[in-house]
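Structure, as structure tokens:
Computed from the coordinates by the stated procedures, all read-outs in this text should not be read as laboratory data. Note that this is a predicted model, so its numbers are computed, not measured. All Cβ positions, even for glycine, are placed from backbone atoms using ideal geometry, and neighbour counts span all protein chains on display.
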Amino acid sequence: MSTAPAYTGGTPTVRTRFAPSPTGMPHIGGLRTTVFSWLLARHSNGQFLVRVEDTDQTRTVAGAVENLLQGLEWMGIVPDEGPFVGGPVGPYYQSERKQMYAYYAAQLVASDHAYRCFCTRERLDEVRAEQQARHMPTTGYDRHCRALSPEVIAGNLAGNLPFTIRLKVPLDGEVVVREALRGEMAFKNSTLEDAVLIKSDGFPTYHLANVIDDHTMAITHVLRGDDWLPSAPLHVLIYQALGWEVPVLAHTPNVMGNDGKKLSKRHGAESILFYRDAGFLPEAMINYLALVGWSYDDKTDILSVDELIKAFSLDRVHTAGGVFDLERLRWMNGVYIRALPLDELVTRVLPYLERPAGEGGLPDTIARPIDRGLLRRVLHLDQERLKTLGDAVDLTAFFFEDALAYAPEALIGKGLTPEKALDGLRRATDLLTSMPDWEPTAMEAAMRALAEELGTKPGPLFMGVRVAVTGRTATPPLFETMLTLGRDRSEARLRDAVAKLEKHVAG
RNA sequence: GGCGCAUUCGUCUAGGGGCCUAGGACGCCGCCCUUUCAAGGCGGAGAUCACGGGUUCGAAUCCCGUAUGCGCUACCA
């Protein structure tokens with residue numbers, strides 16, 4: 001009777017879990033801890049599961065679980081057990097485990113480790129207000145119902161009075177929390193509150209549900225944000241009251257915003273899907289996130305997922321909070337993009353270009369699907385210029401557009417008069433058009449010779465051609481770009497530019 | 001107010017008594033490469049290791065205190 005339904009999947013292995021409440025989109029802070037949990041499970045050849053903590057029915061947001069899992073899956077973090085996939089210790093929604101919590105709560109009451117509390121919210125509010133007004137050292141429940149006589153309890157029950165079940169915290173002594181990252185921490189029982197275990201609506205609070213689930217789901221390592229540290233002693237007390245072994249408890253430092261404050265829904269904590277849509281690579285995300293609060297050594301910062309799994313361990317997790325640094329993530333993402341095989345890059349970039357302009361894709365005037373062969377040649381030139389996959393949209397658009405929009409002044413190279421620029425552009429156009437074969441080295445040599453003949457530096461001359469052909473001042477190497485764009489289109493753009501500049505100079 | 005955790009360059013971090021006149025990375029600055037932008041190479045600025053006391057021959061590293069920051073203090077998680 002007192003034996004809990006335990007995991008029966010075989011030999012005990014490391015089992016970790018991510019236990020989100022379905023109140024919104026996952027954000028970077030919680031995600032980092034999840035990465036740790038997942039890495040630990042993978043490192044140990046154990047299991048990683050997802051359990052939805054939806055005991056607060058008033059805050060549950062529709063679709064949140066799907067988003068959560070979608071985000072994790074994008075990162076390559078796929079739970080071994082959880083919603084949708086199921087598993088041997090389900091259900092994986094706390095709202096569906098209500099009877100189990102009630103059962104153990106009753107057991108705690110029977111063993112005198114917990115008691116029914118009939119206090120109304122009004123009374124609780126009054127007590128709290130009074131305590132605050134008097135600046136009492138400890139705010140918290142005054143334990144009014146802790147020693148109700150059996151008769152009173154029976155009467156209240158008969159009268160159908162709503163009640164909560166509270167933990168009967170020992171009045172003195174202390175609890176020792178064995179914290180994996182911090183060692184043993186002793187808390188005075190006198191500073192702990194008789195926390196509510198079962199709410200009057202019959203649902204458990206986090207404290208109870210968390211302990212029961214972690215035990216019955218055979219979780220061996222509980223990794224959670226350090227904002228949970230203050231309630232760890234409470235949880236240890238519950239484990240002890242139930243006669244259960246306490247799993248390894250590790251409270252990871254939180255990832256904070258630029259201002260050093262905890263990340264929250266409205267505070268720079270974009271959903272993980274935001275990063276996906278911006279074009280960050282999941283492998284870069286994991287690598288970056290793993291390095292906030294954990295390190296491998298004093299010099300390595302690029303680690304593949306496999307390397308991370310192999311190297312991860314709790315004893316290199318540290319205890320101070322870290323600030324989320326987008327610039328560093330962008331740098332790392334660029335490293336990963338540059339390392340991608342070209343065809344792989346093409347495959348990954350394609351959806352970013354083809355999505356509607358309103359969602360960040362190429363202008364809708366550009367026909368879909370994008371020519372994969374052309375894109376491949378384009379990305380060959382742009383790969384080292386991308387920090388995110390989304391950058392490709394802006395960088396490559398001119399290869400796909402029909403008409404270029406730029407100001408005629410842009411055609412005038414630095415230090416040139418409009419007339420000289422026009423002359424240079426005409427001569428360059430004639431020169432390039434007359435070349436029998438287009439080959440970058442020969443084109444460059446010819447253009448340099450032209451610059452010398454015109455008595456200008458190559459730079460300004462090249463810039464005029466660059467803008468003519470691409471509409472921008474920053475591009476991949478000019479002649480390779482022209483070849484990639486195609487001779488016909490390049491020449492047409494040169495002629496358009498000459499006309500444009502003629503008009504500008506004349507008018 | 002109470003309780004708790006934390007504190008090394010702007011940021012992520014290495015460091016667990018002498019190897020530290022504190023190392024790496026991002027970012028920043030300069031130079032090189034160069035037709036632009038990147039990428040790459042080289043170099044630089046940037047931390048009295050929060051502060052104050054100890055312990056020790058010797059402390060960023062151990063202990064105590066202070067300060068600051070953050071978190072918790074709900075029938076939220």
*Which cross-chain or sequence-distant (5 or more) residues have an amide H under 5 Å from the amide H of A:VAL61, H modelled 1.01 Å from N in plane?*
A:THR23, A:GLY24
*Cα principal axis extents for segment A:50-157, largest first, Å*: 52, 35, 23
*Summing -39500 (n - 2.57) over the DSSP H runs of n ≥ 4 in chain A and dividing by its residue number, what mean residue ellipticity at 222 nm do you reach, to the nearest 500 deg cm²/dmol?*
-14000 deg cm²/dmol
*asked:* When only alpha-carbon atoms are used, what values of Rg and Dmax, in angstrom, describe segment A:413-473?
replied: 10.8, 31
_Could you compute Rg(Cα) / (2.2 N^0.38 Å) for segment A:321-404, with N its residue count?_
1.16
*Rule-of-thumb check for chain A: C-alpha Rg over 2.2 N^0.38 Å?*
1.38
*Return the tail of the calculated pair distribution for segment A:365-507, meaning the percent of Cα-Cα pairs more than 22 Å apart.*
37
*Go through segment A:491-507 residue by residue and turn each phi into a ³J(HN,Hα) via Karplus (6.51, -1.76, 1.60, θ = phi - 60°); whole Hz please, and just put x for glycine and proline.*
5, 4, 5, 5, 5, 4, 5, 4, 4, 4, 6, 4, 4, 5, 5, 5, x
*segment A:132-198: percent of C-alpha pairs farther apart than 20 Å?*
49
_q = 0.25, 0.27, 0.28, 0.31 Å⁻¹: log10 I(q)/I(0) that the Debye formula gives for segment A:454-507, counting C-alpha atoms only_ = -1.02, -1.10, -1.14, -1.21
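What does the charge count near A:THR388 come to, summing +1 for each Lys or Arg and -1 for each Asp or Glu among other residues with Cβ under 13 Å from its Cβ?
Summing Lys/Arg as +1 and Asp/Glu as -1 gives +1.
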*Considering the options A:GLY159, A:LEU501, A:VAL323, tell which one lies farthest towards the positive end of the dipole of chain A, charges being +1 on Lys and Arg and -1 on Asp and Glu at the Cβ, about the Cα centre.*
A:GLY159
*Could you tell me what fraction of 2.2 N^0.38 Å the Cα radius of gyration of segment A:139-268 comes to, as a two-decimal ratio?*
1.24
*With only Lys, Arg, Asp and Glu charged, each at its Cβ (+1 for the first two, -1 for the last two), find how big the charge dipole of segment A:407-472 is about the Cα centre; round to the nearest 20 debye.*
280
*Can you run phi through the Karplus equation (6.51, -1.76, 1.60; θ = phi - 60°) for segment A:309-316 and list ³J(HN,Hα) in whole Hz, with x for Gly and Pro?*
4, 5, 8, 5, 7, 4, 6, 9
*With +1 on each Lys and Arg Cβ and -1 on each Asp and Glu Cβ, how big is the dipole of chain A about its Cα centre, in debye rounded to the nearest 20?*
460
_7 Å from Cα along Cα→Cβ at both A:ALA367 and A:SER111: what's the point-to-point distance in nm?_
7.4
*Cα lying deepest toward the dipole's positive end in chain A, options A:PHE400, A:GLY257, A:ALA492, charges on Cβ*: A:GLY257
*Can you list the residues, at least 5 places off or on another chain, whose amide H is less than 5 Å from the amide H of A:ILE198, using H built in the peptide plane?*
A:ILE165, A:THR205
*asked:* Rounded to the nearest 20 debye, what is the charge dipole size of segment A:348-446 about its Cα centre when +1 sits on each Lys and Arg Cβ and -1 on each Asp and Glu Cβ?
replied: 240
*Can you tell me the FRET efficiency between A:GLU453 and A:HIS380 if r is taken as the Cβ-Cβ distance and R0 is 25 Å, rounded to the nearest 0.05?*
0.20
*Quick one: which residues, 5+ away or cross-chain, put their amide H under 5 Å from the amide H of A:MET256? H built at 1.01 Å from N.*
A:GLY322, A:VAL323, A:PHE324
*Of A:GLN131, A:ILE219, A:VAL35, farthest towards positive along the dipole that unit charges on Lys, Arg, Asp, Glu beta carbons give chain A*: A:GLN131
_Sort A:454-466, A:211-223 by the packing proxy (mean of other Cβ within 10 Å over each peptide's residues), most packed first._
A:211-223, A:454-466
*asked:* So in chain A, which Cys have no other cysteine's beta-carbon sitting under 4.7 angstrom from theirs?
replied: A:CYS119
*Apply 1/(1 + (r/R0)^6) to the Cβ-Cβ distance of A:LEU124 and A:GLU96, taking R0 = 22 Å, and write down the FRET efficiency to the nearest 0.05.*
0.15
*Determine ³J(HN,Hα), in whole Hz, for all residues of segment A:186-197 in sequence, where each value follows from phi through the Karplus function 6.51 cos²θ - 1.76 cosθ + 1.60 and θ = phi - 60°; x replaces Gly and Pro.*
9, 10, 6, 4, 5, 8, 8, 9, 6, 5, 6, 9
_Quick check on segment A:261-399: what are the equivalent-ellipsoid semi-axes from the Cα gyration tensor, as sqrt(5λ), descending, whole Å?_
32, 18, 11
*Counting pairs of alpha carbon atoms under 8 Å apart in space and at least six apart in sequence, what relative contact order in percent does chain A give?*
13
*May I ask for the distance between the Cα centers of segment A:66-133 and segment A:417-480, given as a whole number of Å?*
70
